[in-house]
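A quick write-up on the structure given underneath.
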Amino acid sequence: EKDGFEHFMLKEIYEQPNAFRNTLLNRIDEDGKQIVLKDFPLRPEQINRFEKIFIVACGTAYHAGLIGKNVIEELARIPVEVDVASEFRYRRPIISEKTLVIVVSQSGETADTLAALRESQRLGAKVLAITNVQGSSIAREADYVLATFAGPEIAVASTKAYTSQVIVFYLLGLYLAQVKETLAETERECLIANLRQLPEQAEKALQHADDIRVYAESIKNHASLFFIGRGIDYAVALEGSLKLKEISYLHSEAYAAGELKHGTLALIEEGTPVIALVTQKELEEKMVSNITEVKARGGNVLAITLEGNVELHRNVDEVCFVPATLPVFTPILTVIPLQLISYYTSLALGNDVDKPRNLAKSVTVE
Ligand code: M6R
């Protein structure tokens, strides 16, 4: 059932292009002009009533929510707050009928996320669930469900479920923008055209596996690693760091690059591996200045950036390119090399990749 792959995780990483295709299927109209979300049957006046959106989830699903916030705020201009479910439920969140709560859960069974859903409904909010398991508790109890069609995810480390959740956020962000008329038609059509290219572009991003395997060998004996990025890249840095910790057991941390000099820079030593996500043109100059600070302390920097950005070579030790796309869509491509880095590092260290120590696939206790 691993289809010739050594581990479920690797198989699931390679299943991503198809998971995206299946998740996009029937959700874009034939001429590529509109998003169609039959499973979210709210009238425009109901959507216009939402003053705020909460996204609540745990772990990797929370990281998908951070991308969701960026996407919805950027495209539909609705304020979004993201919270981890175990915090949200105990902090008396300010919610009303004018709030839309989105819970994100691959399994649909995570105890804290389910409790957050119930608490939100009790406070009068409508809850939209993004989940991969149709008959799950969260799918049953939510008011609306937008399914990810990633297929079963077996490896404890989530990969294709995460990226499929991000795809749903793209659809949702574009849909809300359509209803709220926050984008010009041509702009929306351009975004939709680029969205449709992501499955193929993900296939291309997967072609770097061999280089990444070599890189994984070079980091496996380091005590500590750092992931840095700004804006939407920072959200991806958090996911890359979690993935690495989860299955390689190496210590790593993700930082908003501008925060480095407020403390973390003290930890950079000769040879410390730093993975920098550099995909947002308007933030690139700032990123390069942060990278220069890291390099001045001896850090070894791998940059993940978009094809064509060759000048970056001058500022870093190594570069990994992913296909170029619009700024809002980069996370889905840049996370792929990060997934592969964690996979190959775990493999090189001889760990049980699919079943890391101390962790369970579904966390049904609080
Ligand atoms: O099933 P869920 O999406 O609700 O699970 C949430 C987290 O437990 C999960 O994403 C966890 O962080 C993953 N093992 C990370 O790879």
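Only the coordinates and a few stated rules stand behind these numbers; no lab work does. Just so you know, these numbers come straight off a predicted model, no measurement behind them. Note: ideal-geometry Cβ built from the backbone for every residue, glycine included; neighbour counts use all protein chains shown.
So for the chain, taking the charge dipole from beta-carbon charges (+1 Lys/Arg, -1 Asp/Glu), which of ASN358, LEU114, ALA19 sits furthest toward the positive end?
Among ASN358, LEU114, ALA19, the one farthest towards the positive end of the dipole of the chain is LEU114.
Using just the alpha carbons, could you tell me how many Å³ per residue the convex hull of segment 113-173 encloses? Show your work: numbers first, answer last.
On the way: hull volume 5.3 nm³, N = 61.
Expressed per residue, the convex hull around the Cα atoms of segment 113-173 is 86 Å³.
Given the rule -39500 (n - 2.57) for each run of at least 4 DSSP H residues, summed and divided by the residues of the chain, what is its mean residue ellipticity at 222 nm, to the nearest 500 deg cm²/dmol?
On the way: 13 runs with 166 residues, N = 366.
Result for the chain, helices only: -14500 deg cm²/dmol.
Where q = 0.11, 0.15 Å⁻¹, what log10 of I(q)/I(0) comes from the Debye formula for segment 107-244, counting one point per Cα?
-0.59, -1.03
Where Lys and Arg each count +1 and Asp and Glu each count -1, what net charge lies around VAL101 among other residues with Cβ under 15 Å from its Cβ?
On the way: positive: ARG49, LYS52, LYS69, ARG89, ARG91, ARG92, LYS98, ARG118, ARG122, LYS126; negative: GLU51, GLU81, ASP83, GLU87, GLU97, ASP112, GLU119, GLU141, ASP143.
Here the charged neighbours net out to +1.
Which whole-angstrom value gives the distance between the alpha carbon centres of segment 233-285 and segment 81-112?
27
Before anything else, pin down the relative contact order of segment 23-97: Cα pairs under 8 Å, at least 6 apart, normalised by residue count, whole percent. Provide the component values of the computation, followed by the final result.
Values: 61 pairs, mean separation 19.3, N = 75.
Once normalised by length, the contact order is 26 percent.
Compute the signed sum of charges (Lys and Arg +1, Asp and Glu -1) over the other residues within less than 11 Å, Cβ to Cβ, of ARG230. Display every interim value, and only then the final one.
On the way: positive: LYS286; negative: ASP233, GLU259, GLU282, GLU284, GLU285.
In short, -4.
So which of LYS2/LYS243; LYS11/LYS160; LYS261/LYS295; LYS33/LYS126; LYS52/LYS98; LYS52/LYS180 end up more than 18 Å apart by C-alpha?
LYS2/LYS243; LYS33/LYS126, as the Cα separations exceed 18 Å there.
Calculate the length of the line joining the C-alpha centroid of segment 297-366 to that of segment 179-193, in whole Å.
Using only Cα atoms, the two centres lie 30 Å from each other.
Quote the Stokes-Einstein diffusion coefficient, in whole µm² s⁻¹, for segment 278-354, based on the Kirkwood radius over alpha carbon pairs, a temperature of 25 °C and a viscosity of 0.890 mPa s.
Working: Rh = 13.7 Å.
Translational D for this selection: 179 µm²/s.
When only C-alpha pairs under 8 Å and at least 6 residues apart count, what is the relative contact order of the chain, in percent? Walk me through the intermediate numbers first.
On the way: 732 pairs, mean separation 71.8, N = 366.
For the chain, the relative contact order is 20 percent.
Over the Cα atoms, compute the radius of gyration (one decimal) and Dmax (the largest Cα-Cα distance, rounded to a whole number) for the chain, in Å.
Cα radius of gyration and Dmax of the chain are 19.8, 58 Å respectively.
For the chain, set up a Gaussian network in which alpha carbons nearer than 10 Å are linked by springs, and say which option among ARG314, ARG118, ARG230 fluctuates the most.
Top of the fluctuation ranking is ARG314.
Identify, among ILE53, PRO152, LEU283, the residue whose Cα sits farthest towards the positive end of the charge dipole of the chain, taking +1 on the Cβ of Lys and Arg and -1 on the Cβ of Asp and Glu, with the dipole about the Cα centre.
My answer, from the dipole projection, is ILE53.
Could you give the dipole magnitude of segment 81-240 about its Cα centre, charging the beta-carbon of Lys and Arg +1 and that of Asp and Glu -1, in debye to the nearest 20?
On the way: 16 positive and 21 negative charges, 85 e Å.
The dipole magnitude comes to about 420 debye.
Any idea what the relative contact order of segment 231-356 is, in percent, if you count C-alpha pairs under 8 Å spaced at least 6 apart? Don't skip to the end; give the middle numbers.
On the way: 176 pairs, mean separation 38.8, N = 126.
After rounding, I find 31 percent.
Work out the length of the dipole vector of the chain about its Cα centre, built from +1 on the beta-carbon of each Lys and Arg and -1 on the beta-carbon of each Asp and Glu, and round it to the nearest 20 debye. Don't skip to the answer; put the middle values down first.
Details: 38 positive and 50 negative charges, 172 e Å.
About 820 debye.
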